[in-house]
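Colleague: Here it is, the structure in full.
The values are calculated or read from the model by the stated rules, or taken from the named source; none is laboratory data. This structure is a prediction, so every number in the text was calculated from the model and none was measured. Counting neighbours? That spans all protein chains shown, and the Cβs are built from the backbone with ideal geometry, glycine included.
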Amino acid sequence: MFELIRRFITLSAFPNRNFLKARLAPLSAYMGTTVFLAILASAIDSFFVVRQIAYVPWLILHFIGLMITLLLWFALFALIVQVLVRMILPKPWTYRHAFPYAVAASVVAIPVTILSFQLYGTETAALTLFLLNGLYAVVPLVLARRKKRT
């Protein structure tokens, strides 16, 4: 299972034509990646946030809050991906294909957004999130639209 998650994360690192394979990933790959992103974001936040409670309860509560937030973001972004796919590609995707693709498009954007929020503030973080997620969602779709040269 960890090998599957590792392959999903490495596939999601660069927005190229192979990135489109992320939409066919099994449930354990993209949910494991969501857990990985929540742990990574909690680790980044633990360096910057001043805690009023002990470290372990803070980490557990922060992780749960981030998991809920990430799943809501992925659900919303999957709807945006469906709209983008209908505009760019000739055949629309179902939601079960758009959700793993939305997770894959956020693998780089979420940690960079958390870091930019801690360093530069809310406006920069929101801009970073939308730009990186948009870039990672649109570039592979545009590359897939182009004909392959043989």
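Colleague: Which pairs have Cβ atoms under 8 Å, sit 6 or more apart or on different chains, and link a residue in segment 107-125 that is within 24 Å of Thr33 (Cβ to Cβ) to one that is surrounded by fewer than 16 Cβ atoms within 10 Å (Cβ to Cβ) and polar (S, T, N, Q)?
Modeller: Ser116/Thr124; Phe117/Thr124
Colleague: Could you identify the single residue in Ser42, Ser12 that is modelled with pLDDT under 85 and surrounded by 19 or more Cβ atoms within 10 Å (Cβ to Cβ)?
Modeller: Ser12
Rundown of residues vs (1) surrounded by 12 or more Cβ atoms within 10 Å (Cβ to Cβ); (2) basic (Lys, Arg); (3) within 17 Å of the chain's Cα centre (by Cα), yes/no style:
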| site | (1), (2), (3) |
| --- | --- |
| Ala54 | no, no, no |
| Ile60 | no, no, no |
| Leu76 | no, no, yes |
| Arg86 | yes, yes, no |
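Colleague: Now for a different question. So if I check each of Ile110, Ile68, which one is part of a helix (DSSP H, G or I), modelled with pLDDT of 90 or more and either crowded, with 16+ Cβ neighbours inside 10 Å or not acidic (Asp, Glu) (or both)?
Modeller: Selected residue: Ile68, the only one of Ile110, Ile68 that is part of a helix (DSSP H, G or I), modelled with pLDDT of 90 or more and either crowded, with 16+ Cβ neighbours inside 10 Å or not acidic (Asp, Glu) (or both).
Colleague: Next up: How many of the residues making up segment 113-124 are surrounded by fewer than 19 Cβ atoms within 10 Å (Cβ to Cβ) and in a helix (DSSP H, G or I)?
Modeller: Counting residues in segment 113-124 that are surrounded by fewer than 19 Cβ atoms within 10 Å (Cβ to Cβ) and in a helix (DSSP H, G or I) gives 7.
Colleague: Considering each residue of segment 18-34, count those that are touching a residue at least 24 places away in the same chain (Cβ under 8 Å), surrounded by 14 or more Cβ atoms within 10 Å (Cβ to Cβ) and in a helix (DSSP H, G or I), and give that number.
Modeller: 9
Colleague: Being touching a residue at least 12 places away in the same chain (Cβ under 8 Å), of a type outside the set (S, T, N, Q), touching a helix residue (DSSP H, G or I) at 6+ places or on another chain (Cβ under 9 Å) and under 20 Å from Phe14 (Cα atoms) is true for just one of Phe63, Phe77, Phe48. Which residue is that?
Modeller: From the options Phe63, Phe77, Phe48, the qualifying one is Phe77.
Colleague: May I pose another question? Suppose we keep only residues that are β-branched (Val, Ile, Thr) and part of a helix (DSSP H, G or I) within segment 88-107. Which one would you say is surrounded by the most Cβ atoms within 10 Å (Cβ to Cβ)?
Modeller: Val103
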